[in-house]
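Student: Before I ask anything, here is the structure I am working with.
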Amino acid sequence: MRKSFYKSVLVLFFVSLAFASCRTEESELIESPPEDVLVASSTVTRLMKNVSINDGSIDNIIDYANCFIIKLPVEVNVNGQEITINYENDYKKIEYIFDDSDDDVDTISITYPIQIILKDFTEVVINNNTELLSYSSNCNGENEYDEDIECLDFNYPISAFIFNSNDEIIYTLQITNDSEIFNLIQNLDNFDFVSLRFPLTLTIYDDTELIINNLNQLETTIEAYKDSCDEDDDYDFNDDDCNDCDPHQLIDILTNCSDWTVDKLKRYGNDYDDVYDGYNFNFQKDGTVSAYYSGGSAYGTWTASGAGNNITVTIDIPDLPYCNNDWILHEISEYSETKIDLRVGSYSRLRYENICN
């Protein structure tokens, strides 16, 4: 009778969590629950929940809020252009429009109604800016402490075993995403015992995969890496554009395409966008660069070194002084065109563009 009761409770609970498709019945019996039992009040359970919390910072370019995300798709107007954001990669479209000019005021407006997904994966309908602000105003501000841990992720699927008080596995749950593991942890008090199948895998911020063999190792690993990365809980959409850039990528892009043109040029706060209008630049892997224009040609050298957001691109073309500088690679964008954006502070900028890719 007791076993039947537990089965009924579990079925109703997991239907409400939309887990029905993941169910598998287990007939396996063991003498006693394993030592690696999840307890609602334990440190490792709290850490697991914080790893699985819905991170709200990924779409800050739209909503300026770290504690929820806007459910996609969503339509927005960016500097007068109507675009639809269907996937996370589409946030870059907004940034490309913002970056196109340094001399305008960037604006974005949302087409309502929309849905937002809170940190506990609850979905809420939002009908206007006032309602959106009522939620965003309750979020922590830029780079303030919050619960979510973004430097580690679980690799799915993960198997969880549900035991009854007779030490029998009466249910095996296949967990396939953060929402499911979050809801399991939130409802631990509904079960006698819950255990995880080990080993399981965590991926840390630099894409390294770590094999975890028990709850103690899971706790120490999360504690060790939880503060080891920049969670990017700010509203500066330009500060991480080259996190994944490397000089070899830049060299390949520049040398595999011919006839680059300059579409943005600023030196010491002065605009020179048209100075090299009609010039075609060609970069070679041997470190030479040439420019051809109706009045002749110019030759020089170039190098690229460093990593991530600290790649220095040194250009030296004696006859074209506005190009010459120890530039910092700001971004490689491949939206409608390929653009190589080089900057020094906020007052000097050189952007090459090409359509060959």
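Student: Quick one: how many lysine pairs does the chain have with C-alpha atoms less than 18 Å apart and a gap of 8 or more or different chains? Give me the count, please.
Tutor: 10
Student: Given R₀ = 41 Å, what would the calculated FRET efficiency be for SER109 paired with SER258, taking r from the Cβ atoms and rounding to 0.05?
Tutor: Numbers: r = 40 Å, r/R0 = 0.98.
So, using R0 = 41 Å, E works out to roughly 0.55.
Student: How would you rank 57-65, 122-130, highest first, on the average number of other Cβ atoms within 10 Å across their residues? Show your work: numbers first, answer last.
Tutor: Working: 57-65: 20.2, 122-130: 11.9.
Top to bottom by mean Cβ count within 10 Å: 57-65, 122-130.
Student: On a 0 to 90° scale, report how tilted helix 43-52 is relative to the longest principal axis of the chain, with both axes built from alpha carbons and the result rounded to the nearest 10.
Tutor: Helix 43-52 sits roughly 50 degrees off the main axis of the chain.
Student: Of the labelled options (1) 34, 23, 19; (2) 52, 24, 16; (3) 30, 23, 21, which one gives semi-axes √(5λ) of the Cα gyration tensor in Å as computed for this structure?
Tutor: (2)
Student: Hey, another quick one. Go through the range 117-197 and name the chymotrypsin sites (Phe, Trp or Tyr not before Pro) that are in a DSSP coil and have 10 or fewer other Cβ atoms within 10 Å of their Cβ. Intermediate values should be presented prior to the final figure.
Tutor: Working: sites: PHE121, TYR135, TYR145, PHE154, PHE161, PHE163, TYR171, PHE182, PHE191, PHE193; in loops: PHE121, TYR145, PHE191.
For chymotrypsin sites (Phe, Trp or Tyr not before Pro) across the range 117-197 that sit outside H, G, I, E and B with at most 10 neighbouring Cβ atoms in 10 Å, the list reads TYR145.
Student: DSSP loop GluC sites (Glu not before Pro) in the range 293-342 with at most 15 other Cβ atoms within 10 Å of their Cβ, which ones? Each step should come with its number before you reach the end.
Tutor: Values: sites: GLU331, GLU334, GLU337; in loops: GLU337.
Taking the range 293-342 and a limit of 15 other Cβ atoms within 10 Å, the loop GluC sites (Glu not before Pro) found are GLU337.
Student: When all protein chains stay in place, what accessible area (Å², nearest 10, 1.4 Å probe) is found for ARG197?
Tutor: Approximately 120 Å² of ARG197 is accessible to the 1.4 Å probe.
Student: With a cut-off of at most 15 other beta carbons within 10 Å, and DSSP calling the residue loop, which trypsin sites (Lys or Arg not before Pro) in the range 59-137 qualify? Please list them. It would help to have the intermediate numbers written out before the result.
Tutor: Numbers: sites: LYS71, LYS92, LYS93, LYS119; in loops: LYS71, LYS119.
Filter output for the range 59-137: LYS71.
Student: So, one more: Let me know the whole percent of all Cα-Cα pairs from the range 224-357 that are separated by more than 22 Å. Walk me through the numbers on the way to the answer.
Tutor: Details: 3229 of 8911 pairs.
Cα-Cα pairs of the range 224-357 separated by over 22 Å account for 36 percent.
Student: Name the residue farthest towards the positive end of the dipole of the chain from the options CYS323, ILE62, VAL37, assuming +1 on Cβ of Lys and Arg, -1 on Cβ of Asp and Glu, about the Cα centre.
Tutor: Toward the positive end, the furthest listed residue is VAL37.
Student: Mind checking the dipole of the chain: about its Cα centre, +1 per Lys or Arg Cβ, -1 per Asp or Glu Cβ, Debye to the nearest 20?
Tutor: Numbers: 20 positive and 69 negative charges, 179 e Å.
My answer is approximately 860 debye.
Student: From the Cα gyration tensor of the range 302-341, with a ≥ b ≥ c the square roots of its eigenvalues, which class applies: rounded if a/c is under 1.5, or else prolate if a/b is larger than b/c, or else oblate? Don't skip to the end; give the middle numbers.
Tutor: Details: a/c = 2.99, a/b = 1.36, b/c = 2.20.
It comes out oblate by the Cα gyration axes.
Student: For the range 107-241, report the convex hull volume of the alpha-carbon atoms normalised per residue, in Å³, without decimals. Working shown, then result.
Tutor: Details: hull volume 21.1 nm³, N = 135.
Given the Cα convex hull of the range 107-241, per-residue volume reads 156 Å³.
Student: Let me ask you something else. Can you give me the convex hull volume of the Cα atoms of the range 33-133, divided per residue and expressed in Å³?
Tutor: Numbers: hull volume 13.9 nm³, N = 101.
Expressed per residue, the convex hull around the Cα atoms of the range 33-133 is 138 Å³.
Student: Still on this model: What net charge is computed for the residues neighbouring LEU72, neighbours being all others with C-beta under 15 Å from the C-beta of LEU72, Lys and Arg scored +1, Asp and Glu -1?
Tutor: -4
The values are calculated or read from the model by the stated rules, or taken from the named source; none is laboratory data. Quick caveat, the model's predicted, so the values are computed rather than measured. Note that we place each Cβ from the backbone using ideal geometry, even for glycine, and neighbour counts take in every protein chain shown. These area figures cover heavy atoms from the full protein model, side chains too; ligands, DNA and RNA do not enter into them. Shrake-Rupley method; radii C 1.70, N 1.55, O 1.52, S 1.80 Å.
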